[in-house]
Structure formats: structure tokens, C-alpha cells
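The values are calculated or read from the model by the stated rules, or taken from the named source; none is laboratory data. Since we're looking at a predicted model, the values are computed, not measured. Positions of Cβ are generated from backbone atoms using ideal geometry, with glycine treated the same way; all protein chains shown enter the neighbour counts.
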Amino acid sequence: MAAYKARLSEDLDRWIAQGLVAPDSRQPILDSVADARRIDAGVALAVMGTILAGLAAIAFVAANWDAIPRLARFALILTLFAGVCAGAGWAALKTRPLTRDVLLGVAALIYAAAIGLTGQIFDLTGDPQAALRGAGLAAALLALAGRANAAAIVALALIALGDFAGPAGLLGLDLRWLAVAAPAGVGLALAWRSRSLAHLAGPALVVGWLFATSDILPVGYLALAAAFALAAGASRWANEKAVRPAGVIYAWMAVGALVAFAAAGLSSESFGVGHRLAWLVVSGAVIALGLHDRTGAVTAAGVLSIIAAVSAILMDLGLGLMTAAGVFASCAVLALVTGTLLRRRRVGP
């Protein structure tokens, strides 16, 4: 918001010079833009103190683990979890959303640890993948109950760890849980206007669907690329409507579309040269779109994609590393010269 206000101030100066805005309207317009909420030192120290207190309690229990009877260990775990949840409830009643958010995230982590510790206390055997997924579902419930970004982030992380700790499997299908949890995380990030959750839900959605099943056909990758492209278009529209986290999702959906399109050709030789040429065209289009929207992450994704496409073409031609280095160096010089000429033409004599 501070960057937007500074940009608006510069725009107002230009509009006043052009006669589009009355000089007396400048300050009222700037005053109408609310300043972003800042976290003061007291709040930051309180959050750090809460996290450190939780770590101190966990460290104390771990240091005296062997000396504590089994039932006492179990009671300590339950007491710690209940105490953190009670603290989150108190913070909600006192209208302290940041404290509530942090405490619910800590509670989700304590619950995940409690599953493993309970099994160790009572010598219970179980499936680590099921334990991680169960802890992820519990964290998701905490996130929904308290509208907590931290708990939602913990939920996505635990479900992702559970997915890759064993085979896929959701409702009897060869499908990973992250393929369902990540879109839900994206929806929550947009609904809650949470950029922090969007920064994790975006890549989780890309990874979750790229590895949704154990075997994806090349045509499936093309369909997935089209789905990511549609999602990128929807996120771009939401970003234009000033939905704050949509810009983050837009960039990650562009990355997903490019990666899925590349995987379609790299996983099969049936597409041949046509795929490589299409890959170059698509990458160039993404670069142009990123420049048009002034979205650096989308532009960077297109640049990396076009480099990967050129590298794939060079590998297909059987060229060595020195030849590839020469090609990239020539392209770099050409890009620098072209950019310099375009800049001179725009600036003028």
C-alpha cells in the first residue's frame, strides 16, 4: 500500500501538470488512501515471545522425557495443546487476529508432534503417511475454525509431506491429497486476502497437479497446461479487480502452464520439433504478457522457459556444451543491442 501511495503521488503530480486534476484535490485524494497496517515492535516482540515460550515448553519436555512417566507425558502434551488453543480463543475474543493466527499455527504443529509422541509413549505402530495426512487435516480444521493463515500453511505443508512419504491414494483413487488440498488453499488465500498463504498455495497447486498421479500421459500434460492457462487467466482478471493475492497465484499458474507444456514434449518423442517450436512461441507470448501486465514474475517465468526450450533444441541437435554456450552468448549480445536501440528510440535525441 505504501508503494501504491507513492506511485499515486507521482501520478497526481503529472495529472495536475496536464490539467486533468485540480491542485486542491491532490491532498484529499492522498488522504483517502488508507495506509497499510504496520506491525509495531511491541506486537512483533509479543509474537516472538509466544513462539519462544512454546519452544521452551517443548524443549523442557524433551530434556526430561525419559524421567517423566508415560501418563504424565501424555498429560503434558494434551495440556500444552489445550493451553495454546485456549490462548488462541482468548486472542480471538480480544480481537487480536495476529496473535490468534500465530497461536493456531503453533497448535497445529503441536498436534502433529503429539501424534508421533503418543505412538512413542504407548508403543503404538502406525503409518507415517497417514499420520502426516491426519495432522494436516487437523491443521486445516484449526485454520477454518479460527481463519488462521499460519494453520492453513501448516496444513498444506503436512499434507505435502504425507503425499511424498508414500504412495498416492485418495478415496480409493491413484490421486495425491495435495491435488485437492492445494486448490482449497488457493481459494482460502483469495477469500482471506492472504498473500502469505498464496505464496505457498500457488506452488503447492503446481506441484500437486504435476504429480497428481503416478503416471500422466503426454496428452494429459497438455490438458494440464491448458487448465493452468485458464487458471492464470482467471487469476489475472482477479488481480485487475484488486484482489491482492491474485497476482501471486497468476504468476504461479503461468509457471505451471509452462512446466506442464514442457513436460508434454520432454516425456514423449512423438511431438518432435513441432513441440519445441510451439514451446518457443508460448514462452515468447508469456514474456510479452508479463511485460504488458508489468508482472515481473510472469516475465521471468517466460524467460526461463525460453532458455529451457532453446536448451532442449540444442540437445535434440546433439550440440556440445561449447556450442550451446556460444549460442546463448550470441543471443545475449543480440538482446542487449536490441534493448539499447529500442531504449534510444524511446528516449529520442
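Worth a mention:
- Among (1) of a type in the set (A, V, I, L, M, F, W, C); (2) touching a strand residue (DSSP E or B) at 6+ places or on another chain (Cβ under 7 Å); (3) not in a helix (DSSP H, G or I) - the single one V180 does not satisfy: (3)
- Members of segment 233-248 that are in contact with a Lys or Arg (Cβ under 8 Å, 6 or more places away or on another chain) and farther than 17 Å from H292 by Cβ: V243, R244, P245, V248
- Selection within segment 155-177 - assigned to a loop (DSSP other than H, G, I, E, B) and charged (D, E, K, R): D174, R176
- R195 being out of contact with any Cys (no Cβ under 8 Å at 6 or more places or on another chain), outside the structural domain of L258 (by TED's automatic domain parsing), of a type in the set (D, E, K, R) and more than 27 Å from W279 (Cα to Cα): yes
- Single match in A57, A82, A62, A22 (criterion: out of contact with any Ser or Thr (no Cβ under 8 Å at 6 or more places or on another chain), surrounded by fewer than 16 Cβ atoms within 10 Å (Cβ to Cβ) and at pLDDT below 80): A62
- Residue that is surrounded by the fewest Cβ atoms within 10 Å (Cβ to Cβ) [pool: residues in segment 194-230 that are aliphatic (A, V, I, L, M) and assigned to a loop (DSSP other than H, G, I, E, B)]: L217
- Between L291, L280, L304, the distinction of being in a helix (DSSP H, G or I), over 24 Å from G220 (Cβ atoms) and among the hydrophobic types (A, V, I, L, M, F, W, C) belongs to L291 only.
- G233 vs. criteria in contact with a helix residue (DSSP H, G or I) (Cβ under 9 Å, 6 or more places away or on another chain) and surrounded by fewer than 23 Cβ atoms within 10 Å (Cβ to Cβ): yes
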